[in-house]
Every structure is written in C-alpha cells, then in structure tokens.
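The block underneath contains the structure these notes are about, expressed in structure tokens.
What follows is calculated from the coordinates using simple rules that are stated; it is not laboratory data. Keep in mind it's a predicted model, so treat the numbers as computed, not measured. As a convention, Cβ positions derive from the backbone with ideal geometry for all residues, glycine included, and neighbour counts pool all protein chains shown.
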Amino acid sequence: MAKITIDFNHMLASGIGEHGICEEEIARYAGRIAKVHEGLCAKRQMNAWRELPHNQDEIVRDILQTAEKIREKFEYFVVFGIGGSALGMKALFSALKHPRYNELPREKRQGPKIYIVDNVDPDSLNALLDVIDIRKTAFNVITKSGNTVETMSQFMVALSMLENLGEDLKEHIFLTTDKEKGILRKIANEYGFQTFVVPDGVGGRFSVLSPVGLLPAAVIGIDIEALLRGAAEMHALCQKPALEENPAYMYAMLYFIAMKKGVNISVMMPYADGLLCTAEWYAQLWAESLGKKVDIRGNTVHAGQTPVRALGVTDQHSQVQLYNEGPFDKIITFVTVQNFRTNMQIPASPIEMRDTQYLAGQSFNKLIASEQAATEYAVTSAGKMNMRITLERVDEESLAALLFFLEMATAAAGEFLEIDAFDQPGVEAGKIATFALMGREGYEQKAEELSKKEKGNPDFCYECN
Ligand code: PA5
C-alpha cells in the first residue's frame, strides 16, 4: 500500500504570513471545483491515461513475457525516445533501481544494463556505441507519433549497425508506437517487428504507465503490477469530487490562485537523488500541459508556470539563497522520503576533529531529514510559499501514486486555467521547422520561410577568436 502525505499548510497565509493564500481566496475559488470535476469527468473518455491503472491485465502479461525473453537473451537494453517517451522511464529507473545499476555485476542486477537515450548529441551517441555490444543489445524504440526525428534517426543507427553485423533485426528491435498512425507503425507492419501500443488518449507526458514505461521497467525487474496498484490507489482518491478529500484538486486550486498572484515558478525539490528524474518528469508535465497561448475559447492568455527542478541538499548550496531572499514568485515543493533503503551511520573520526565530533554516531538519514526540515523552516520564515510531499518509502506503489497524483493535479490545473492541457502546439511548431531544415519532403515551403529569416544585427553578436 502506497503511503504518501501531501501537506499544503505552507501555501497558506496562516502558515507563512501575508504572501500566502488567504481564506477568502480559497472560498472564492473552491466554488469552481464542481466545474473542474465536471470538466474532467466529461473528458474521461478522451483521457485514456486515467484508465491505465485499471485496464492493462492482458498487456501486462505480454510485457512480462517479452521482458523475460529480453532479460534472458541480452546484456544491454537501449531505449530510444524523447520527451514523454523517455522522461517517465528515467524517473522509474532512477527512483526504483540501484543508483549504480549498470555498474553492478550481472548477478546483482535483475536485467540487462539499460541506457535511455533521448538527445541527439553526436558525442553522447558515439559514446553509447563505445560501451555496448550491438550483438548483445535489444533496442526499444518509443515514439507515439512514430515520426519524431530524434528517435527515428537513432533507430536508423541501430538498424544499420545490426544489418552490417548480419543480425536478425526482428530479434533485436521492439517498437512502442501508435496502433495505426506514423512511420514507425508502417515499418512495424511491413517488417513484422514486435510492437507495443501507446493507446489513443494517452499523450507522451501521461504515458509512463502505458507500455512506454512498463516494458523497459519490466525488463530491468521493476514490479509493474505494483506500479499499477499504486496508481490505482491514488486514482481512487483523486477522482473524488470534494476538495477536502481530493489532494489533486487542492494542489490545482492552490497553484492556480498562486499563479493569479503572479507566482509563476514551480520548484520541485526532492531530498533523494533517485527522485531528481521525477522532478524532471514533472517539469515536462507541468510545462507542456499548462504553457498555452490560448484558452479553450481562443482568447490569448499565455498561461503557465515555469517548472524548475532542484535537488536537496545539493541545491541548498546553490539556489536556496534565491528561494529565501529573492522575489515572491515561486512555490517550492519539497519531496521527502521517510525511510531510505539504507541506514548509514556517520562514524567517529579516527583523527582529531573536535568541532565535528557531534556528528559521530548519528546517521546520514537524520542529516538529510534535518537539512530538509531546516530549509523548509527557513523558506517558511521568509514567507515563501512551499509545500511538502512525503513518501513513507520509495517503492513501486508509492512512486506510481506520486506520478499519478501529479498527472491528476496537472489535468485539474488545466481545467482551472481553462486551457487544453493535452495538446502541445508549441512543440509541434519546432518539430515542423526541424523537418524543414533537414529537408523532409512536403516541408519545402517552411524551409524557404526559414531560409529567409533575418540574419540579425551584427552589432549585437560577439565573437572571441
Ligand atoms: O508529451 C508529449 O506529447 C511530448 O513530449 C512527446 O512525448 C515528445 O515530443 C515525443 O513524441 P513522440 O512520442 O511522438 O516521439
């Protein structure tokens, strides 16, 4: 059973003083919850990501079988995907597996070494080829649209290398894509690659609990049934209509009120290395879902709140100065873990260290918890909005519950803002320009438009030779 506590007290004026949200504001906007709930219920059919915790028994069986096959046969598992097709899996991997998973000997890992490759930096791609043996590698190519240039170009590298080695492509390639649309789907059908489907109504950033995240997770021994159980538990809570019972609605409402007050930055600051990728996943979810030029009526609104990922305690020594003393423009969401997998003591020093002897015999667990409490105390005393999400432990159930909570909160925030939280025209614009610049057929007009782009004023461009 997932145990998570979500504490909003330091968002409120009663918790932090004049810069917090007051009772009148809550009373004013709580009246909108019924409409938010209605909106989400009306979209439920379109929002198939909400059904993922409940309707995948057969898919899970297929995934487990395939994962077993991959585990037995391969030493390396490479995931190609970007954005929503990578960030969810990165979050699962870094939170749930050994922090040095790939460096462990095989008998201490529950699967092949894993590499999740999103960017197209040639140095990184080349470096990957230095550490894997293509003959012993399975590739999971993930793209819902089936057209994404980064993923498709990486796929081409894998295909060509496998082909050059005379390997059977079908043995090495596993595709995750739309059931009908896109180039990848066509290729899958034509060549008979084993394929998993990203269901309709599951956008990239809401796809972590679909085969997008589940297949790679299962390959490295993450308990995917427990993931779905944890999400289902959180769903039960976050589909309740009443604000006082539904933490996703409370999150959405408080963040919405904060945005109205000009608080336009949302910092997620986990105090656990393994949860930094969860903050990165959240950054995409919150940014891409809420950052919209127009509302549902077509009015120009330029909605959104900029997400920032920070890491406790590391960023106490870089960003916290700004959080404490800078502008009142951000909410800090602390994510804390009550029970780490390890209890590690600080030993007494064998050399004279008089002023630090008080640490001896205490634990790093206490140290990290104390540093979080101290930072929270400091930002609260400075009157800065903050909140805390506490996981009793980081396991499949609680992590999936956290992810699902944030998905529901994002969808509800979209309703408050009256924008479409599920499209991404700003991302599409960049994708189209890239096709044009790379000479894709059908994008000639865009290429011409781009070639005419003004070069800019040289007085505002500097070079150091
Ligand atoms: O959330 C989204 O929709 C995007 O971030 C996509 O996941 C990303 O652009 C990759 O798209 P695709 O899965 O179609 O390759």
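How big is the Rg/Rh ratio for the stretch 347-465, C-alpha atoms only, Rh by Kirkwood, two decimals?
Details: Rg = 26.6 Å, Rh = 21.6 Å.
Dividing the radius of gyration by the Kirkwood radius yields 1.23.
Where the only charges are on Cβ atoms (+1 Lys, Arg; -1 Asp, Glu), what is the dipole of the chain about its Cα centre, to the nearest 20 debye? The partial results should precede the final answer.
Numbers: 48 positive and 62 negative charges, 69 e Å.
That gives the chain a dipole magnitude of about 340 debye.
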Q: Compute the whole-percent fraction of alpha carbon pairs in the stretch 283-350 spaced more than 19 Å apart.
A: 59
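Assuming a viscosity of 0.692 mPa s and a temperature of 37 °C, what translational diffusion coefficient in µm² per second does Stokes-Einstein assign to the stretch 284-438, Rh being the Kirkwood radius over Cα pairs? Don't skip to the end; give the middle numbers.
Working: Rh = 19.1 Å.
So the translational diffusion coefficient is about 172 µm²/s.
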Q: Sort all Cα-Cα distances of the stretch 239-286 into consecutive 5 angstrom bins from zero, then give the percent of pairs in each bin up to the one containing the longest distance.
A: 5, 18, 18, 20, 21, 15, 3
**Q.** Estimated 222 nm signal from helices in the chain, with DSSP H stretches of n ≥ 4 weighted -39500 (n - 2.57), rounded to 500
**A.** -13500 deg cm²/dmol
**Q.** Three-way shape call for the stretch 332-383 based on the alpha-carbon gyration tensor, with the a/c threshold at 1.5
**A.** oblate
Q. So what's the projected area for the stretch 276-322, the Cα convex hull averaged over all directions, in nm²?
A. 3.9
Q: Straight distance only, please: which lysines reach the Cα of LYS179 with their own Cα at less than 19 Å, same-chain residues fewer than 8 apart left out?
A: LYS144, LYS170
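Send over the per residue convex hull volume for the stretch 204-363, Cα only, as a whole number of Å³. Before the final figure, lay out the partial values.
Numbers: hull volume 29.6 nm³, N = 160.
Output value, Cα hull per residue: 185 Å³.
Using 0.36 nm per residue of separation minus the Cα-Cα distance, give me the extension gain between ASN299 and GLU167 in nm, one decimal.
Numbers: separation 132, 0.36 × 132 = 47.52 nm, distance 5.46 nm.
Stretched out fully, the ASN299 to GLU167 stretch lengthens by 42.1 nm.
Please report the equivalent ellipsoid semi-axes of the stretch 1-106, computed as sqrt(5 x eigenvalue) of the Cα gyration tensor, largest first, in whole Å. Spell out each step's value before the answer.
Details: eigenvalues 339, 102, 30 Å².
They are 41, 23, 12 Å, listed largest first.
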Q. Excluding the sites themselves, what is the longest stretch of the chain that contains no GluC sites (Glu not before Pro) in a DSSP loop with at most 13 other C-beta atoms within 10 Å?
A. 181-351
Q: Take the alpha carbon atoms of the stretch 159-237, find their center, do the same for the stretch 67-88, and report the distance between the two centers in whole angstrom.
A: 9
Q.
Suppose the chain between ASP355 and ALA447 were pulled fully straight at 0.36 nm per residue; how much longer would it get relative to their current alpha carbon spacing?
A. 26.6 nm
Q: Determine which residues of the stretch 281-301 fall in the zone a paramagnetic label at ASN119 would reach in this model, i.e. backbone nitrogen under 19 Å from the point 7 Å along Cα→Cβ.
A: 281-285
Q: Work out, in µm²/s and without decimals, the Stokes-Einstein translational diffusion coefficient of the stretch 225-317 at 10 °C, 1.306 mPa s, Rh from Kirkwood over C-alpha pairs.
A: 104
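Would you mind estimating how fast the chain diffuses translationally, via Stokes-Einstein at 10 °C and 1.306 mPa s with the Kirkwood radius over Cα pairs, in µm²/s? Walk me through the numbers before you get to the answer.
Numbers: Rh = 24.0 Å.
Taking Rh from Cα pairs, D becomes 66 µm²/s.
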Q | Proximal lysines relative to LYS453, as straight alpha-carbon distance under 18 Å, when same-chain residues fewer than 8 apart are discounted | A | LYS431
Q | Distant-in-sequence amide H partners of ALA272 (H built 1.01 Å from N, under 5 Å) | A | GLY312
Q. What are the trypsin sites (Lys or Arg not before Pro) within the stretch 197-290 that DSSP puts in a loop, where the Cβ has at most 15 other Cβ atoms within 10 Å?
A. LYS261
Q. Mean 1/r over all different Cα pairs, inverted: what Kirkwood radius does the stretch 29-163 give, in Å?
A. 17.5
(Q) Cut-off under 21 Å on the C-alpha distance; same-chain residues fewer than 8 positions from LYS384 excluded. Which lysines are left, in chain and number order? (A) LYS260, LYS261, LYS330
**Q.** Listed residues PHE340, PHE328, TYR358: farthest to the positive end of the dipole of the stretch 321-366 (Cβ charges)
**A.** PHE340
(Q) Report the number of Lys pairs in the stretch 1-117 whose alpha-carbons are under 14 Å apart, with separation of 8 or more residues or on distinct chains. (A) 5
Q: Please work out how much length the chain gains when fully extended from ILE183 to ALA13, using 0.36 nm per residue of separation minus the C-alpha to C-alpha distance, in nm with one decimal.
A: 55.9 nm
Q: Enumerate the calculated ³J(HN,Hα) couplings along the stretch 285-293 in order (Karplus 6.51 cos²θ - 1.76 cosθ + 1.60, θ = phi - 60°), each rounded to whole Hz, writing x wherever the residue is Gly or Pro.
A: 4, 6, 5, 6, 7, 9, x, 10, 6
